[in-house]
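**Student:** Got a structure for you, questions after.
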Amino acid sequence: MAILGATGSIGLAAAEVCLQHADELEVVALSARSTSDRLVGLIRQLRPSALALTDSQEGGETVHALFPQLELQVGEGSLLWLAQREDIDLFLVAVVGIAGLQPTLAALDRGKTVALATKEVLVAAGPLILKALEEGGGQLIPVDSEHSAIFQCLQGQEKRSLRRILLTASGGPFRGWPEEKMAQVTVEQAMAHPTWRMGPKITIDSATLLNKGLEVIEAHYLFDLPPERIEIVIHPQSIVHSLVEFQDGALLAQLSLPDMRLPIQYALLYPRRLPSLVAPLDLTQIGRLDFHRPDLERFPALRLAYTVLKRGGAAPAILSAADEVAVQLFLDRRIGFLEIIPLVEQVLSAYEDTLPGAVKLRNPFSAAGSLEEILAADHWARQKISEIAVLLKRPPING
Ligand code: NDP
Ligand code: MG
């Protein structure tokens, strides 16, 4: 197998799973953006034979000096080089954002199995991924905890027996906060997720709740359900990872402590269940499980995601690209927390304005069937949001 994004939160958790099941999983290749002590440690432990470093400034000299046998590729195209290797059957895609798209497509085109953590890939290019899956004859297994839970609950069930799915959301660190207080949120506060430890992009997405919005789109493609059959339920304890409702009214759920090693292991060893490093769940210690309706007024990202999903075409790709940039602007302290989602909305409406009237009436976001069109929409959204941000001309904020 290969781990794309090995030095990240998912990548490191996956490395633990691979070490525990070294007799089942042989790690042949890794990727990271650049060299770090973390990466060197991973190479020592996992002993891969190939490495991709995607940062084009990176020469890879340090790793080469330490591991001269390692096959090394540097630059943006190196992920694709990994994805095209014939000695790999299973790819764990756990990079951030659109960078995961082309390697995922390449692996699926070759009939490989992809364990997908990078939800932005499905959001930006759902139909294209499904086409590659069908034509290539590969397999796509979700790693995102909610989608893994649903996937687990659906094992052995007929597709037509499914009525709807309920995606659980912790609600993020600002659940129940008044708007005035949310306007003052700092990067540090937004980075302190109550139940999960994750990379910066998804942690901020979890605070705006756009992460759950992206997950609705992800679920739509994975489980072939229309938006009205995908519901969001706030569940602050993050113990119930999602639920499935069948035609007879029965609900099935998957429960465990919030620890990504479980869904990662399930995806990597699917369909087998072997002992894991995740501590068992003591329900009497948890005591109670709460469920609430989400507040769509205070978290407009949820409604936005449903609107974008109904639009289809290039809209999800624009949403995802604009969000990648907006989150980075917030992390760089150039915009405030409550500006993230409005900025994304501004890019989406600017896109609508660029299209000719006749198309606009039908579906302003109709074009984006091919990889080229998706990449063009992604590129356009990044440029647009940068232009808007320049117009804001604001000094650094949030300290
Ligand atoms: P991290 O930021 O912790 O790690 C990202 C990894 O990908 C690192 O190895 C990083 O390399 C590499 N990387 C980052 N950007 C790029 C890029 N543009 N091109 C190539 N490689 C890149 O992220 P997470 O592990 O938290 O998340 C990874 C993906 O999984 C995201 O899409 C996220 O939404 C999804 N996910 C994560 C969950 C979690 O619990 N963390 C849960 C569910 C989904 P380097 O270290 O060199 O920078
Ligand atoms: Mg999730």
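Taken together, the values in this text are just the output of simple stated rules run on the coordinates, not laboratory data. Because the structure is a prediction, the values reported are computed rather than measured. Virtual Cβ from ideal backbone geometry, glycine too; neighbours counted across all protein chains shown.
**Student:** Which residue fluctuates most in the GNM of the chain (Cα springs below 10 Å): G137, G171, G97?
**Tutor:** Checking each option, the largest mean-square fluctuation is seen for G137.
**Student:** In addition: For each pair in K181/K212; K112/K384; K310/K384; K131/K159; K119/K393; K131/K384, compute the distance between the two Cα atoms and list the pairs where it is over 24 Å. Mind showing how you got there, number by number?
**Tutor:** Details: K181/K212 22 Å; K112/K384 36 Å; K310/K384 22 Å; K131/K159 19 Å; K119/K393 32 Å; K131/K384 29 Å.
Listed pairs above 24 Å: K112/K384; K119/K393; K131/K384.
**Student:** Return the Rg/Rh ratio of region 95-134 with Cα-based radii and a Kirkwood Rh. Could you put the intermediate results ahead of the total?
**Tutor:** On the way: Rg = 8.9 Å, Rh = 9.8 Å.
Rg/Rh: 0.91.
**Student:** List the GluC sites (Glu not before Pro) within region 148-239 that DSSP assigns to loop and that have no more than 16 neighbouring Cβ atoms inside 10 Å.
**Tutor:** Details: sites: E158, E179, E180, E188, E215, E218, E228, E231; in loops: E158.
Loop-located and lightly packed - E158.
**Student:** Let me have the relative contact order for the chain, percent, based on Cα pairs under 8 Å that are six or more residues apart. Intermediate values should be presented prior to the final figure.
**Tutor:** Details: 702 pairs, mean separation 58.6, N = 399.
Result for the chain is 15 percent.
**Student:** What percent of all Cα-Cα pairs in region 180-266 falls into each 5 Å bin, going from 0 up to the bin containing the maximum distance?
**Tutor:** 3, 11, 18, 23, 21, 12, 7, 4, 1, 0
**Student:** Using Cα springs under 10 Å in a Gaussian network model of the chain, which residue among I286, I385, I150 shows the largest mean-square fluctuation?
**Tutor:** Taking springs between Cα atoms under 10 Å, the residue moving most is I286.
**Student:** If you find the alpha carbon centre of region 236-304 and of region 140-212, how far apart are they in angstrom?
**Tutor:** 10
**Student:** Here is a follow-up. How big is region 92-188 by Rg and Dmax over its Cα atoms, in Å?
**Tutor:** When restricted to Cα atoms, region 92-188 yields Rg and Dmax of 17.2, 51 Å.
**Student:** How high is the relative contact order of region 183-253, in percent, counting Cα pairs under 8 Å that sit 6 or more residues apart? Walk me through the numbers before you get to the answer.
**Tutor:** Working: 36 pairs, mean separation 12.0, N = 71.
Relative contact order here is 17 percent.
**Student:** Separate question: Tabulate in residue order the Karplus-calculated ³J(HN,Hα) for region 191-198, using 6.51 cos²θ - 1.76 cosθ + 1.60 with θ = phi - 60°, rounded to whole Hz; enter x for Gly and Pro.
**Tutor:** So the Karplus estimates, Gly and Pro as x, are 7, 8, 6, x, 10, 10, 9, 9 Hz.
**Student:** Same structure, new question: Averaging over every viewing direction, what projected area does the convex hull of the Cα atoms of region 254-302 cover, in nm²?
**Tutor:** Details: hull surface 21.4 nm².
If I average the Cα hull's projected area over directions, I get 5.3 nm².
**Student:** Right, another one. Using 0.36 nm per residue, how much length does the chain from K393 to L130 gain when fully extended, once their Cα-Cα distance is taken away? Don't jump to the answer; show the numbers that get you there.
**Tutor:** Values: separation 263, 0.36 × 263 = 94.68 nm, distance 4.12 nm.
Contour length minus Cα-Cα distance gives 90.6 nm.
**Student:** Here is a follow-up. Against the globular-protein guess of 2.2 N^0.38 Å, express the Cα radius of gyration of region 1-135 as a ratio, rounded to two decimals. List each step's numbers first, then the result.
**Tutor:** Working: Rg = 14.0 Å, N = 135, 2.2 N^0.38 = 14.2 Å.
So region 1-135 has a normalised radius of gyration of 0.99.
**Student:** Hey, another quick one. Taking H placed 1.01 Å from N in the peptide plane, check which residues at least 5 places from Q254 or on another chain put their amide H under 5 Å from its amide H.
**Tutor:** Here H241, S242 satisfy the definition.
**Student:** Could you give the alpha-carbon Rg of the chain over 2.2 N^0.38 Å, rounded to two decimals? Walk me through the numbers on the way to the answer.
**Tutor:** Values: Rg = 20.7 Å, N = 399, 2.2 N^0.38 = 21.4 Å.
Against the compact-globule rule of thumb, the ratio is 0.97.
**Student:** Let me ask another. How large are Rg and Dmax for region 271-333 when calculated on the C-alpha trace, in angstrom?
**Tutor:** 19.0, 47
**Student:** Picking from P142, P316, P194, which is most flexible by a Gaussian network model of the chain using Cα springs under 10 Å?
**Tutor:** P194
**Student:** For region 46-118, what does the convex hull of the Cα positions come to per residue, in cubic angstrom? Each step should come with its number before you reach the end.
**Tutor:** Details: hull volume 6.6 nm³, N = 73.
Cα-based convex hull of region 46-118, divided per residue, equals 90 Å³.
**Student:** Also, I was wondering about something else. Spin-label point model (7 Å from Cα, Cβ direction): what's the E158 to D295 distance in nm?
**Tutor:** Here the modelled spin labels are 4.4 nm apart.
**Student:** Something else now. Grab the DSSP H runs of the chain that are 4 residues or longer, score each as -39,500 (n - 2.57), total them, divide by all residues and round the 222 nm result to the nearest 500 deg cm²/dmol. Show your work: numbers first, answer last.
**Tutor:** Working: 18 runs with 187 residues, N = 399.
So the calculated ellipticity at 222 nm is -14000 deg cm²/dmol.
**Student:** Can you pull out the chymotrypsin sites (Phe, Trp or Tyr not before Pro) in region 273-351 whose DSSP state is coil and whose Cβ has at most 13 other Cβ atoms within 10 Å? Mind dumping the intermediate values first?
**Tutor:** Numbers: sites: F291, Y306, F330, F337, Y351; in loops: F291.
Passing both the DSSP loop test and the Cβ count: F291.
**Student:** Can you figure out the FRET efficiency of L255 with S56, using R₀ = 56 Å and their beta-carbon distance, to the nearest 0.05?
**Tutor:** Rounded to the nearest 0.05, the efficiency is 0.80.
**Student:** May I pose another question? In the chain, which helices (entire DSSP H runs) extend 27 Å or more along their own long axis, judged by Cα positions, while averaging at least 0.0 on the Kyte-Doolittle scale? Don't skip to the answer; put the middle values down first.
**Tutor:** Details: long enough: 371-392 (32 Å, 0.42).
Helix filter hits for the chain: 371-392.
**Student:** Another question, if that's okay. Looking at region 71-153, which GluC sites (Glu not before Pro) are DSSP coil and have at most 10 other C-beta atoms within 10 Å of their C-beta?
**Tutor:** On the way: sites: E71, E76, E86, E120, E134, E135, E146; in loops: E76, E86.
In loop regions of region 71-153 (DSSP not H, G, I, E or B), the sparsely surrounded GluC sites (Glu not before Pro) are E86.
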